[in-house]
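Q: Quick one: structure below, then a few questions.
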Amino acid sequence: MRVNAYAAPAAGQPLTPTTIERRSVGANDVLIEIRYAGICHSDIHTVNGDWGPQPYPVVPGHEIVGVVAEVGADVTRRQVGDRVGVGCMVNSCGECTNCRNGDEQYCLDGMVGTYAATDRDGTTTQGGYSTHVVVDADYVLSVPDGIDPAAAAPLLCAGITTYAPLRRWGAGPGKRVAVVGLGGLGHMAVKIAHALGAEVTVLSQTLKKQEDGLRLGADDYFATSDPGTFEQLASRYDLIINTVSAGIDLDAYLGLLGVDGTLVNVGAPAEPLSVNVFSLLNSRRSFAGSMIGGIALTQEMLDFCAEHGIGSEVEVIAADQINEAYERVLASDVRYRFVIDTSTIA
């Protein structure tokens with residue numbers, strides 16, 4: 001079926017209206033009428049070619065919330081009318097050790113991204129900046145009624161990207177967690193860490209978002225542009241979640257960890273980061289990375305957010321504002337996630 005979409009025709013080019021082909025609904029497929037699609041910084045990196053050559057034209061979007069419009073003959077867990085979501089992946093081998101353990105995002109055969117990836121049938125996946133998408137039912141998530149659908153869309157990336165390491169490294173009562181950056185990822189990390197019961201600190205370049213950070217659940221807020229911050233907070237934290245997609249002084253931030261503390265990178269800067277090994281040897285610290293979560297964990301995150309009344313802070317836009325939104329994201333002029341009303345795609 002042909003559906004309307006917005007695509008990047010080439011690296012660095014503005015997104016323009018187009019039509020794309022969606023596959024027919026197979027036996028284990030679900031056709032979703034998309035209602036909302038979040039704009040992730042990863043979308044911008046991808047369409048600009050920051051992470052390497054892409055299969056243009058690219059329709060971005062991996063924060064998708066919609067309604068089931070059709071189900072395949074073998075689908076039993078979804079029904080027409082269900083409110084559902086699709087995140088950063090739409091397929092994996094399902095057979096390797098990681099897939100069997102519920103870590104499909106680390107599929108040894110390579111998980112299939114929601115856009116700009118090669119699907120199992122050899123076609124190129126196209127994302128959520130469109131009116132409809134066909135997805136294997138095993139990669140479709142239930143979006144609880146307790147979350148506003150527009151606010152739920154960014155949970156499919158920003159939510160799970162921060163929930164996964166917070167759960168993996170035990171954020172909870174008695175733990176001190178620092179969040180580096182209060183943007184699309186960072187504001188979700190603050191909300192989720194607070195709901196998990198941790199003591200939460202925001203580390204941002206300036207104090208201009210301090211009021212927001214405290215409102216979202218932070219207990220403390222410090223400016224990293226102040227050299228005294230790193231002296232004052234030395235060896236304080238059990239866990240640091242770095243959400244920024246730019247270079248930082250890793251050694252300085254590692255110095256904020258106590259014994260057995262971990263700094264987890266979830267931001268994806270275009271350039272390599274370096275670390276002095278003595279920053280790790282001191283206090284038996286760890287530096288780790290984390291990428292989204294498996295399907296089961298993502299569903300757990302959605303249910304957790306519904307239970308605790310957590311959604312993303314969003315600004316809903318029409319499709320013809322996508323390019324302007326990209327510019328504003330790059331200028332850090334959004335609090336905290338743009339979400340496209342896909343009913344405006346024509």
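Q: Does Leu166 qualify as being under 28 Å from Val75 (Cα atoms) and either of a type in the set (Gly, Ala, Ser) or modelled with pLDDT of 95 or more (or both)?
A: No: the conditions fail for Leu166.
Q: Among the residues of the stretch 312-341, which ones are within 19 Å of the chain's Cα centre (by Cα), surrounded by 15 or more Cβ atoms within 10 Å (Cβ to Cβ) and part of a helix (DSSP H, G or I)?
A: Those that are within 19 Å of the chain's Cα centre (by Cα), surrounded by 15 or more Cβ atoms within 10 Å (Cβ to Cβ) and part of a helix (DSSP H, G or I): Ile322, Ala325, Tyr326, Arg328, Val329.
Q: Does any residue in the stretch 295-321 that is over 20 Å from Tyr36 (Cβ atoms) come within less than 7 Å, Cβ to Cβ, of a residue that is among the small types (Gly, Ala, Ser) and assigned to a helix (DSSP H, G or I) six or more places away or on a different chain, and which pairs are these?
A: Note: pairs meeting the criteria are Leu297/Ala164; His308/Ala195.
Q: Could you list, in sequence order, all residues of the stretch 200-210 that are touching a Lys or Arg at 6+ places or on another chain (Cβ under 9 Å) and under 19 Å from Asn265 (Cα atoms)?
A: Passing the criteria: Val200, Thr201, Val202.
Residue-wise test of (1) crowded, with 21+ Cβ neighbours inside 10 Å; (2) β-branched (Val, Ile, Thr); (3) not in a loop (DSSP other than H, G, I, E, B).
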{"site": "Tyr56", "(1), (2), (3)": "no, no, no"}
{"site": "Val68", "(1), (2), (3)": "no, yes, yes"}
{"site": "Val75", "(1), (2), (3)": "no, yes, no"}
{"site": "Val80", "(1), (2), (3)": "no, yes, no"}
{"site": "Gly102", "(1), (2), (3)": "no, no, no"}
{"site": "Gln105", "(1), (2), (3)": "yes, no, yes"}
{"site": "Tyr115", "(1), (2), (3)": "yes, no, no"}
{"site": "Asp121", "(1), (2), (3)": "no, no, no"}
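Q: Tell me the residue from Ile44, Ile39, Ile34 that is more than 23 Å from Arg83 (Cα to Cα) and hydrophobic (A, V, I, L, M, F, W, C), please.
A: Ile44
Q: Okay, moving on. Select, from Pro154, Pro173, Pro165, Pro149, the only residue that is free of Cβ contacts under 8 Å to residues at least 60 places away in the same chain and either under 18 Å from Gly293 (Cβ atoms) or not hydrophobic (A, V, I, L, M, F, W, C) (or both).
A: Matching residue, one of Pro154, Pro173, Pro165, Pro149: Pro173.
Q: Follow-up. Take the stretch 37-56 and flag every residue that is under 13 Å from Tyr326 (Cβ atoms) and of a type in the set (A, V, I, L, M).
A: Ile39, Ile44, Val47
Q: Quick check on my filter: what residues within the stretch 38-55 are more than 21 Å from Thr243 (Cα to Cα) and at pLDDT 95 or above?
A: Listed by number, the residues that qualify are Gln54, Pro55.
Q: Now, a different point. Inside the stretch 211-311, counting only helices (runs of 4 or more DSSP H) that do not spill past its ends, which hold 2 or more residues that are hydrophobic (A, V, I, L, M, F, W, C), surrounded by 15 or more Cβ atoms within 10 Å (Cβ to Cβ) and out of contact with any Lys or Arg (no Cβ under 7 Å at 6 or more places or on another chain)? Let's see the steps before the verdict.
A: Numbers: elements: 227-232, 250-254, 277-281, 295-307.
In the stretch 211-311, the matching helices (runs of 4 or more DSSP H) lie at 295-307.
Q: Right, something else. Criterion first (hydrophobic (A, V, I, L, M, F, W, C), farther than 17 Å from His187 by Cβ and assigned by TED's automatic domain parsing to the domain that holds Arg168) does Phe222 satisfy it?
A: Numbers: hydrophobic (A, V, I, L, M, F, W, C): yes; farther than 17 Å from His187 by Cβ: no; assigned by TED's automatic domain parsing to the domain that holds Arg168: yes.
When the stated conditions are applied, Phe222 does not pass them.
Q: Quick check, is Thr46 crowded, with 18+ Cβ neighbours inside 10 Å and either among the hydroxyl-bearing types (Ser, Thr, Tyr) or more than 19 Å from Leu155 (Cβ to Cβ) (or both)?
A: So Thr46 passes the test.
Q: For the stretch 89-99, indicate whether the set of residues that are within 30 Å of Lys209 (Cβ to Cβ), in the same structural domain as His308 (by TED's automatic domain parsing) and in a helix (DSSP H, G or I) is non-empty.
A: Within the stretch 89-99 (the criterion being within 30 Å of Lys209 (Cβ to Cβ), in the same structural domain as His308 (by TED's automatic domain parsing) and in a helix (DSSP H, G or I)), the answer is no, since none of the residues qualifies.
Q: Scan the stretch 59-68 and give yes if some residue there is over 21 Å from the mean Cα position of the chain (by Cα), closer than 23 Å to Asp145 by Cα and either assigned by TED's automatic domain parsing to the domain that holds Val244 or modelled with pLDDT of 95 or more (or both), otherwise no.
A: yes
Q: Quick check, is Arg83 among the basic types (Lys, Arg) and in contact with a strand residue (DSSP E or B) (Cβ under 7 Å, 6 or more places away or on another chain)?
A: On the way: among the basic types (Lys, Arg): yes; in contact with a strand residue (DSSP E or B) (Cβ under 7 Å, 6 or more places away or on another chain): yes.
Considered against the rule, which asks whether it is among the basic types (Lys, Arg) and in contact with a strand residue (DSSP E or B) (Cβ under 7 Å, 6 or more places away or on another chain), Arg83 comes out as yes.
Q: Take the stretch 154-177 and flag every residue that is outside any helix (DSSP H, G or I) and of a type in the set (Phe, Trp, Tyr).
A: The one that is outside any helix (DSSP H, G or I) and of a type in the set (Phe, Trp, Tyr): Trp169.
Q: Report yes if Ala151 is of a type in the set (Gly, Ala, Ser) and assigned to a strand (DSSP E or B), otherwise no.
A: The answer is no for Ala151.
Q: Considering every residue within the stretch 132-139, establish whether at least one is closer than 18 Å to Arg337 by Cα and at pLDDT 95 or above.
A: No, the stretch 132-139 contains no residue that is closer than 18 Å to Arg337 by Cα and at pLDDT 95 or above.
Q: Something else now. Thr229 - would you say it is among the hydroxyl-bearing types (Ser, Thr, Tyr), under 20 Å from Leu330 (Cα atoms) and not assigned by TED's automatic domain parsing to the domain that holds Tyr336?
A: When the stated conditions are applied, Thr229 does not pass them.
The values are calculated or read from the model by the stated rules, or taken from the named source; none is laboratory data. Since the structure is predicted, the reported quantities are computational estimates derived from the model, not experimental observations. Because the Cβ atoms are built from the backbone with ideal geometry, glycine has one as well, and the counts that use them run over all protein chains shown.
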